Amino acid sequence: MAAKGSEPIETRLFINNEFRESSSKKTFDVVYPYTQEVVAQVHEADVNDVNDAVAAASAAFPAWRDLGVDARGAYLRKVSELFIEANDELARLETLCTGRPISQYVDGKMSADTWRSFADAGWNVQGTASTHTPGLLSLTVKEPYGVAAMIIPWNFPLVMFSMKMAAALAAGNTVVLKSSEKAPLTANQNYLVHRRRKTYPKSRLPSRRRQHHCRPRKPNRRRLAEHMDVRCISFTGSSLTGQKIQAAAAKSNMKHVHTELGGKSPAVVFEDADLESAAAQTQFSIRFNSGQVCVANSRIYVQESVAEKFTALFREQFAQYALGDPLDPATQQGPQIDVLQYKRVQEYLGIGEKDGELTVGGDAKDGFFVKPTIFEKVPEDSRVMREEIFGPVVAINTFKTEEEAIKKANDTEFGLYASVFTKDLDRAIRLSKALEAGTVGVNCTSPTNAKDAAFGGYKMSGTGREGLLYSIDNFVQTKSIIIKAGGTSAGFF
Ligand code: NAD
């Protein structure tokens, strides 16, 4: 049932403006996490395919760069329109590979917005001009790197795909994308674009080679990070893989690396907070996409005086959700993406039961489902408090003073998103400064985010920032141009 849809699924690689099988002819299975049936057998890129994709992107670079912002923007705008047209099909594909409920699918619209916004954003990529040095006019200009590689995870593939690719292309780079082997179907949306181009031959879609989708798996996937002709890499995934990418980049050609990595986000709830709102938001944060969200508030610190009331409110809402078939619009929580992720969460459930008190969930369910689970009184040095579980599993601990809350919240190597719930403005500002995270929510928590905010991590949660005003910075380098302007120069000559 799951595999059936109105459109066939494209499973080949997209290189040099055409779909093709992998050179090795090897494929791998993509499985619908709910039924565990194979929905597609997808081509696996080998080293030759990666090299071909990079070579094609390299050859296409000068022409794409020299098109200029308006002409590139026209292509991006068209892609945005096609995302809207293909929305239903993309929703089905995203659900089939990730198991995230289709009722929570907003990714197509978000992606369309992203492509449309970046269509004009190239104009904001500006340098400086100065005559401060006598006899010289000095300019800085921002230039694309050339071939930009992007590697994305499985939890929100389409959103990551769009944020990275639209920004890199708008800045004048050509790109090679490696999607996750667990969720490669929507990143291959090229085929939707491609098919519609045939439907609308007069539409001015990008017909030149400028984006390439290859899908290497172990051990070939590191090839992109090592490639000598890739000048920039943007990676979203776990901190462990981020370290490997940085090492591979350093060992090869010192390519520019931008990383968006894991999290162990704290939410701090003070006694003067609106507890109902805090409970509603924090429980949604950790349950959304079955807890498989980098910014999920997996640690909650609540002030002792209101701990009982807060946890009662939290528990009440946490257990209420409809688990089921992600393709059913009534379903609110789907399974974990695969058996590996399911087993990983089970391991942490065992650790949590040993180290703390299990108060909700924990018990098994058929398939890859994990029931929303709460642990309380878990020691701060437990692995449950320190490692990213990536499941609907939350630890709720208490604190007495503001200092204690800050110390506990910051006692982690991660720093992606932190939140504070309080009605005291002074305290909210103190906490916003003290919490070590790329984003701090005041009376709101993840996944809440402003469209024009910067998104990224402190500490081991990443380097660089993404967002409408920030992503392009990851894909441009600064060049100085010094012009001798007659007269005596204070420069060397
Ligand atoms: P992962 O690190 O296992 O894989 C991410 C991508 O990297 C996949 O495409 C994978 O195939 C590829 N990869 C793995 N090893 C590689 C290597 N040696 N060289 C090159 N590529 C390699 O992460 P995942 O399990 O796909 O995703 C979950 C992780 O992503 C979590 O840690 C989550 O917090 C993080 N994440 C972060 C953000 C963010 O914006 N900060 C967003 C989403 C997910």
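A few remarks follow.
- Some residue of the stretch 242-255 being in contact with a Gly (Cβ under 9 Å, 6 or more places away or on another chain) and under 25 Å from Asn397 (Cα atoms): no
- Test: residue in the stretch 311-330 that is within 16 Å of the ligand (Cβ to nearest atom) and within 14 Å of Gln104 (Cβ to Cβ): no
- Counting only strands (runs of 3 or more DSSP E) wholly contained in the stretch 122-182, the ones carrying 1 or more residues that are within 10 Å of the ligand (Cβ to nearest atom) and not assigned by TED's automatic domain parsing to the domain that holds Asp338 occupy 147-151, 174-178.
- For Thr412: the one exception among (1) polar (S, T, N, Q); (2) open to solvent by less than 10 Å² (accessible area, probe 1.4 Å); (3) within 16 Å of the ligand (Cβ to nearest atom): (2)
- Here Ala450 fulfils each of the conditions (1) open to solvent by 30 Å² or more (accessible area, probe 1.4 Å); (2) in contact (Cβ under 8 Å) with a residue 12 or more places away in the chain apart from (2).
- Scanning the stretch 49-102 for residues that are open to solvent by 40 Å² or more (accessible area, probe 1.4 Å), closer than 16 Å to Pro329 by Cβ and modelled with pLDDT of 95 or more returns a single hit, Ile102.
- Among the residues of the stretch 379-396, those that are surrounded by fewer than 22 Cβ atoms within 10 Å (Cβ to Cβ) and either without any contact (Cβ under 8 Å) to a residue 24 or more places away in the chain or touching a helix residue (DSSP H, G or I) at 6+ places or on another chain (Cβ under 7 Å) (or both) comprise Pro379, Glu380, Asp381, Ser382, Arg383.
Results for (1) touching a Leu at 6+ places or on another chain (Cβ under 7 Å); (2) more than 30 Å from Glu402 (Cβ to Cβ), shown as yes or no for each residue.
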| site | (1), (2) |
| --- | --- |
| Met254 | no, yes |
| Asp272 | no, no |
| Leu275 | yes, no |
| Ile286 | no, no |
| Ser290 | no, yes |
| Tyr301 | no, no |
| Glu316 | no, no |
| Pro329 | no, yes |
| Lys343 | no, yes |
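- Residue that is nearest to the ligand (Cβ to nearest atom) [pool: residues in the stretch 276-299 that are open to solvent by 10 Å² or more (accessible area, probe 1.4 Å) and not in a loop (DSSP other than H, G, I, E, B)]: Phe288
- Selected residue (criterion: nearest to the ligand (Cβ to nearest atom)) from residues of the stretch 224-256 that are among the β-branched types (Val, Ile, Thr) and closer than 11 Å to Ala148 by Cβ: Ile233
- Scanning the stretch 302-326 for residues that are open to solvent by 50 Å² or more (accessible area, probe 1.4 Å), of a type in the set (Gly, Ala, Ser) and at pLDDT below 90 turns up just one, Ala319.
The values are calculated or read from the model by the stated rules, or taken from the named source; none is laboratory data. Only a predicted model underlies this, so the values are computations on that prediction, with no experimental measurement involved. Here Cβ is always computed from backbone atoms with ideal geometry, including for glycine, and neighbour counts include all displayed protein chains. Each accessible area value is taken on the protein alone, full model and side chains, heavy atoms only, with ligands, DNA and RNA left out. Shrake-Rupley method; radii C 1.70, N 1.55, O 1.52, S 1.80 Å.
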